Each structure stands twice: as structure tokens, then as C-alpha cells.
Amino acid sequence: MSILDYIRNKKSFALFYFIIIMFIWGMVYFDSKTNLFSYDVSYVIAILIIMFLIYSVVDYFREKTYYDKLNKAMKDVEMDWVNNLPEPKNFHEKKLNEALKKLYNESNMRIQKFSDKSNEDLEFTTAWVHEIKTPIAASRLIIENSIDNPNEMTLYNIEEEIDKVEEYVQKALYYSRINDFSKDYYIQNVGICNVIKECIKKESSSFINKNIKLMIENVDMEVSTDKKWLEFIVKQVVDNALKYTSKCGNIKIYAEDLEKEIILNIEDDGIGIKEEDIGRVFDKSFTGYNGRKANNSTGIGLYLSQKLAKKLGHYITISSVFERGTKVTIHFPKFSNYFF
């Protein structure tokens, strides 16, 4: 802290002190009843000026010591400077220390939040790259094995792998836009039946290849939602049902109109979920026993589905018995408030 910095900081106090001196001088000089000589007035004013200078010098070195220690602490990048601030000597310095600590902690929280988000994005990108390589490699292998004998089944298999690539690309797109959800939604009355038909149409090849029996019952109902985002949610659930249901298995889709909500159930007789995993299926990147066994799961689908459902005012629950099947239920409260 330089002398000029101190003077600039104390100019209001100096001006106030100068006005007091001038007021005393004026009172003595213009008051005829005052029996003080001019040298007496000069003596008093000189004493006041000397006292002001002594105070200013002492105060300058005290503040200089504080700010020099503060600068030294902030320049030492290896030291936790915010916890090594100089001891405050007055209210101003105390409040300054508190403000610095608050700013430091808030900045650290924001940096940590940004770092966590960056790490999550990196994990997702890494998993997504590994995931999308599988259908690409499978398509290339199908083409190589059928180059001398192409047939309709070859094209059918390639189409299925391309559908998987499209699905992974769509998943990445939804993941990247989830934080800007409020800019891209349109709430309206949507027929559950239409949503189911769109999802089944996209998954038709998987149903045929695995010879899965599909039962759809009582889905002629409407819910207030965003059609595009609901289709994505339902498709993720249907994808999981197909993935973990054996060939010639069964998948049942049905809705129920209850007193306080409409629910959509997607039930399969697949391998189910272990009891210790059921509470974590909506955690990001959690794959559990089934995901590790299948070795083709990233744990993103259900995480995105639950997050999107909550943004729409819905929510998802899962019940399962290991090796017997799983039921996923999407809840549509009839009097929900939408929070974005």
C-alpha cells in the first residue's frame, strides 16, 4: 500500500478534519467576544494539524502492514491463503476478511460443480464412444461376410445396426440438451397409444429378431406432457426390456387410470434386477449386475429418463424379482405442477 493509495482512501476524513480546523479558526477570528490572540489560535491549529499527522502516520503503517500481509498471502499460490489472512484490527478489516472467505468458498463450489459436470460429460462421452463402436463394427462384419452373397436378411441386419447407431446419437443429443430443457418443450394432451406405437415401430426389428411376444392393453388414454420427450423416455424403458428379455419372452404394456394419477406399466419376464441394485438403477452410469454381465450398458438411459420425467412433472418407479422379470411404471399425476 503506497502513501498515495492511503491519501486517496482517507481524503474524506482529511477534508472533514480541515473543515473542523477552519470552523474553529473562523469562530475565534470573527467572534469579538473571544479574548484569544492570533498566536494562540495559530498554536491551537498547529497542535490539531500535528495530531492529525501523527494519527495519519500511525494509521498508515498499521493499514500498510495489513494489506502487505494480505497481498503476500494471495500471491502464494501454494498456500491456502484464505485461511491465512492477516488478523483484522477493526470492523472494516473484519468485514473484508469475511467477504474474501465467502467469495473464495463460493468460487470453489462453482469450480467444483463445473469440474464434476466436466468429468460427467467425459465419462458419458467415453462410454458413448465405446457403445457406438459395437453396431458400427457389427455392420462392417455383416457386409464383409455377405459381400459375395448379399440377400434381404443382410440388409435387414444392417438396418438394425443403423437403428442402434441412430439411438445412441439421439441419446447423446438428449443428454447435451437436458440442462436447456426449458427452451425445448411443449406441453399438450398426448395419447399414450400414439407414443407406444411410435416406440414399437422403431423397435420392430428387435421384437422380430428375438421373437418377443408383445401385449398392449388399455392404452387409449391422454396425459399432459411433451410428446417428443415422452417418446424418448418410453423408448429407453422398452429398450431395456428388450435387452434383458430372452428370446421368445414376453413384454406387456398397459395403462391404468387411478384416482390421483395415470400410470403406464411396461412389464417383462426377463432376467430381472438384483435386490441390491434396484435402489440405484436411476443413478448416473450405474449398470449393476445385469449391465456388467451383458457388457453393453452405460447406465445412461434410465438416468436420463428419470431426469426428464421429473422435469415434465412425472416420475418413474421400478419393481423387480431377480430372474423372474421387471415392471417399470411411469407416473402421470393428474394435478401436477411443472417445474423446469
C-alpha center-to-center spacing [the stretch 215-279, the stretch 132-162] in angstrom:
30 Å
Tell me, what is the FRET efficiency for LYS64 and GLU222 to the nearest 0.05, using R0 = 51 angstrom and their Cβ-Cβ distance as r?
0.10
Sort 256-264, 304-312 by the packing proxy (mean of other Cβ within 10 Å over each peptide's residues), most packed first.
304-312, 256-264
Considering only the other residues whose Cβ falls under 11 Å of the Cβ of LYS113, what net charge follows from Lys and Arg at +1 and Asp and Glu at -1?
-1
Where labels lie 7 Å past Cα in the beta-carbon direction, separation of MET215 and PHE18 in nm
9.5 nm
In nanometres, what is the gap between the two model label sites at LEU141 and ILE162, each 7 Å from Cα along Cα-to-Cβ?
2.0 nm
Förster radius 56 Å - calculated FRET efficiency between GLU106 and ILE208, Cβ distance, rounded to 0.05
0.50
Among chymotrypsin sites (Phe, Trp or Tyr not before Pro) in the stretch 155-248, those in a DSSP loop whose Cβ has at most 11 other Cβ atoms within 10 Å are TYR186
Which loop GluC sites (Glu not before Pro) in the stretch 103-174, with loop taken from DSSP, have no more than 12 other Cβ atoms within 10 angstrom of their Cβ?
none
Quick check: residue separation of LEU4 and TYR55 times 0.36 nm, minus the Cα distance between them. What number comes out in nm?
16.7 nm
Extension gain, VAL169 back to SER42 (0.36 nm per residue minus Cα-Cα distance, nm):
36.9 nm
Under 5 Å between amide hydrogens, which residues at least 5 positions from ILE300 or on another chain qualify, with H placed 1.01 Å from N in the peptide plane?
SER285
Amide hydrogen neighbours beyond the local backbone of TYR315, cut-off 5 Å, H modeled:
HIS331
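Bear in mind that the values in this text are calculations on the coordinates, not laboratory data. Values in this document were obtained by computation on a predicted structure and should not be read as measured data. Counting neighbours? That spans all protein chains shown, and the Cβs are built from the backbone with ideal geometry, glycine included.
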